[in-house]
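Shown next, in C-alpha cells, is the structure this report addresses.
The values are calculated or read from the model by the stated rules, or taken from the named source; none is laboratory data. The shown structure was predicted, so the numbers you read here are calculated from the model rather than taken from an experiment. Please note: Cβ atoms are built from the backbone with ideal geometry, for glycine as well, and neighbour counts cover all protein chains shown. Side chains included, ligands, DNA and RNA excluded: accessible areas come from the protein's heavy atoms. Shrake-Rupley method; radii C 1.70, N 1.55, O 1.52, S 1.80 Å.
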Amino acid sequence: MVKIAPSLLSADFTCLKDEINKIETAQWIHYDVMDGHFVPNISFGHSILNDVSKITDMYLDVHLMISEPAKYIDNFIASKASLIVFHYEAVVKEEVDNLIDYIKNQHVDVGISIKPNTPVEEILPFLSKLDLVLVMSVEPGFGGQEFNPIALDKISTLAKLKKDHQYHYLIEVDGGINEITAKQCRQAGADVLVAGSYIFNSDDYAKAIESLK
Ligand code: DX5
Ligand code: ZN
C-alpha cells in the first residue's frame, strides 16, 4: 500500500497542532525546508521541526531544499528527523557518498532528491545505499504547482532498477499530486506520495488522504 506524506508547507501555522492531528492517518509528515538560495523561496527550519516532534509520533520526512546541506544536517537530526533527504544538485559529486554515510551513521534514514531536469542516471552510483529516492514532479520552491509527467518515467526506471538489483529504497514523488496524478504515480511504481495543497485545501483531510491511496 502506498504511503501518503502531507506537506506541512500548505498547513495553517496558526493552528499547527490541529492541522497535524487532522493528518494523523497518513503516518508521515513531509517537512519542506527552503533557504531562498537553492530555491527562490524561504520556508521554515529545524526549530519548528523540533516543536513538531514533541506533539506527534509520525515519521518526519525532511526535504532539504537548501545549499550546503552538510552544514545543517546535525540540527535536523537533533530535531528528530526520521529521514533526511538532500538534493543531489546541491552537493558536489565527491561529497555525496560522505553525506549519505554521515546521516546513516546517526541512525537516521537517508534519501536523495532529483529535480525534474536531473536524470536518474546521475544518481546510479548511490542507489544501493539509499533508503529513499525523491523524484520532484515540479521545480522545487512552491506548493500548488502543476504535475510534470517527466516524473513518471523516472519512477518507472527507479522501480525497475530496484527490482533488478534488489535495492531497498522507497520511491517518493513530490509536487502536483492529486487524485489523478496519484494514480499515475502508483501505477508507475511510487511508494510514497507527497501532497500539500490537495490535502490542506480540502474540507476533509482524512478523506483527501484516503483518495490518494
Ligand atoms: C515543493 C515542495 C512540495 C510542496 C508540494 O517545492 O517540495 O513538497 O509542498 O506541494 P503541492 O502538493 O501543493 O504541489
Ligand atoms: Zn517537498
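Residue under question is Tyr102, and the condition is that it be of a type in the set (Ser, Thr, Tyr) and within 17 Å of the chain's Cα centre (by Cα); does it hold?
Criteria not met by Tyr102.
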Practice problem: Kindly provide the set of residues from region 52-68 that are in contact (Cβ under 8 Å) with a residue 24 or more places away in the chain and over 20 Å from Leu132 (Cβ atoms), ordered by number. | Solution: Ile55, Ser67
Exercise. Pick out the one residue from Ala26, Ala11, Ala90 that is within 16 Å of ligand 2 (Cβ to nearest atom) and closer than 28 Å to Ser128 by Cβ.
Key: Ala90
Practice problem: Would you be able to tell me the number of residues in region 49-106 that are among the aliphatic types (A, V, I, L, M) and closer than 26 Å to Pro119 by Cα? | Solution: 16
Exercise. Starting from region 135-149, take each residue that is aliphatic (A, V, I, L, M) and list its partners that are near ligand 1 (Cβ under 7 Å from one of its atoms) and open to solvent by less than 70 Å² (accessible area, probe 1.4 Å), counting only C-beta distances under 6 angstrom and pairs at least six apart or across chains.
Key: Met136/Asp174; Met136/Gly175; Val138/Gln145; Val138/Gly175; Val138/Gly176
Quiz item: Looking at region 51-79, which of its residues are over 22 Å from Asp97 (Cα atoms) and open to solvent by 10 Å² or more (accessible area, probe 1.4 Å)?
Solution: Asp51, Ser53, Lys54, Ile55, Thr56, Asp57, Met58, Tyr59
Quiz item: Which residue out of Pro6, Pro40 is surrounded by fewer than 17 Cβ atoms within 10 Å (Cβ to Cβ), in contact (Cβ under 8 Å) with a residue 60 or more places away in the chain and either within 16 Å of ligand 2 (Cβ to nearest atom) or within 22 Å of Leu127 (Cα to Cα) (or both)?
Solution: Pro40
Self-check item: Among the candidates Leu83, Leu99, residue that is open to solvent by less than 60 Å² (accessible area, probe 1.4 Å), within 15 Å of ligand 1 (Cβ to nearest atom) and on the phi < 0 side of the Ramachandran plot
Solution: Leu83
Exercise. Could you tell me whether any residue of region 46-57 is within 15 Å of ligand 2 (Cβ to nearest atom), within 16 Å of the chain's Cα centre (by Cα) and closer than 17 Å to Val138 by Cα?
Key: no
Quiz item: Pick from region 1-25 the residues that are under 12 Å from Val192 (Cβ atoms) and in contact with a strand residue (DSSP E or B) (Cβ under 9 Å, 6 or more places away or on another chain): which of them is nearest to ligand 1 (Cβ to nearest atom)?
Solution: Ser7
Self-check item: Spans of helices (runs of 4 or more DSSP H) in region 120-210 with at least 2 residues within 14 Å of ligand 1 (Cβ to nearest atom) and open to solvent by 50 Å² or more (accessible area, probe 1.4 Å)
Solution: 179-188
